[in-house]
Every structure is written in structure tokens, then in C-alpha cells.
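First comes the structure, then the notes that go with it.
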Amino acid sequence: MKRTSVTIEAGAARYLAEGSLAAMNRLGWYPTLNTARITIGKDGVQAVATDRYRVHVINAETEKRSGEGVFLLPEAALRWIVKNAGTFSSRSNRAVKPIAVMQFTPADPAVQHDTGSVQITFKRDEALDESVTYTGPLFRGNFPPVERLVDETRVADEVAAPRNLNLDYLASMRVLAPARNVPARVRFTEAKHNHAKQGAIHVSYASNGKVYAEAILQPVREEDAD
């Protein structure tokens, strides 16, 4: 199978992973929600994660790319990224910019239990051999098309803030900030098909026309708040 390879800064890899993990399902009843959907294309790398109450969409620029595709990256791989992204960081040498090389091998549709695989390598520098590597399976399944909910909420009419809001979920969106000086824009929206209901909350981090991340959070229902 044709392999897709992408190179990004190590810090960008951590950003994608942390933003995904913050929105990931923890109950285990829907295994697909314990993955992040990674899309690699001409616009860069995008990670999407959801637990059905919130959706996180995180974007990162690529330094190199060979091929394109959509892959489901398991939680174990994301946690490895967070743990090892800082392996070669050096505050004393700003000239060193550690990178992450991610190679995705898609599943062979002719093989029933083949999930495909991913290899993630952190390197001190493109020209240096020093590195740490993770190799593991991808997840084979159908990720819900939650990005359409983000698209709808982005353009929905704004209204006053809903009464019921899970602040823990909102606080988890702090990891989507690409830097301390990039503020979040929070919008409270009207439900698309029922104006009597509270719509989703849309959160975005953008600067100079560049969107780093977006998220939506469903309001807490009255019966859940009691």
C-alpha cells in the first residue's frame, strides 16, 4: 500500500495530540471516539476529535509532505506524542528545531483484519540521526462527520449565553491556544432547526487570518443539570 508521509515541527505534533486528547471519549463504549481523525493534504495537517458533546478541530502547517489521506490515530499514539515531543527541545539552542516525521500506511481492504500502521519519529534536527520512534496500528472504522457541525455553528446567529454550561469542558479547550497571546473567541449560537433550544458554543483561536483551532460545545440539557 502507498505510504503517506508528513513532517511537522515537534511542537506542532504535541499541539495536535493535546488538542485531540482533550476532546476524546473516555467511556470506551464507542471505540472510534478514542481516536483522532488525521487529514493530510495540501492545506496541512488537521486533527479532529469528539466525545459527541464537544468537537475539537486543530490545524498545523507541514514542512514536508508526500501523498495525502485520512487516518484514525489511536489514543495510545497520541499519548506517546505528548510524552515524547519535548525529547529534543533545547532552550539554550534556539537554532535547533526538533521535528516529527509521521508515516501512515493505510489498511489493505483485501485483508479483513488489517488496520494499517503508523510510524512517528521525533528527531533533533532534519540533518541529525538522533531520534525516538513509535510504531503501532491505526484504527479501522468510520469516524462521525462532526466537522459539518463546526461549519454550521461557525455561521449560526449569535444569541445570549445559555444558562447551562459545563465549565470543565470549556476549560479543556485551553489546550487549543497556539500561544499565550492568542485569545479565544467564544460565540453562543442559536439552534439551527429549533430557535427555542440553546445552540452550541463555538470557540476559535485565530490570528492574522490564520485559524489554528476551532471547537464546539453542546449546552447541558435541563434534565442533566438537575
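The values are calculated or read from the model by the stated rules, or taken from the named source; none is laboratory data. What you see is a predicted model, and the numbers here were worked out from it, not measured in a lab. Reconstructed Cβ throughout: ideal geometry from the backbone, glycine too, with neighbour counts over all protein chains shown. Side chains included, ligands, DNA and RNA excluded: accessible areas come from the protein's heavy atoms. Shrake-Rupley method; radii C 1.70, N 1.55, O 1.52, S 1.80 Å.
One table, with the values for the structure above:
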item	result
Selected residue [at pLDDT below 90 and surrounded by 11 or more Cβ atoms within 10 Å (Cβ to Cβ)] from V159, V175	V159
Count - residues of the stretch 168-192 that are touching a residue at least 40 places away in the same chain (Cβ under 8 Å) and among the hydrophobic types (A, V, I, L, M, F, W, C)	4
All strands (runs of 3 or more DSSP E) inside the stretch 1-108 with 1 or more residues being without any contact (Cβ under 8 Å) to a residue 60 or more places away in the chain, open to solvent by less than 50 Å² (accessible area, probe 1.4 Å) and at positive phi	44-50
Residues being without any contact (Cβ under 8 Å) to a residue 24 or more places away in the chain and out of contact with any strand residue (DSSP E or B) (no Cβ under 7 Å at 6 or more places or on another chain) - total across the stretch 109-121	5
Which numbered condition G19 misses (of (1) touching a helix residue (DSSP H, G or I) at 6+ places or on another chain (Cβ under 6 Å); (2) of a type in the set (G, A, S); (3) more than 23 Å from A200 (Cα to Cα))	(3)
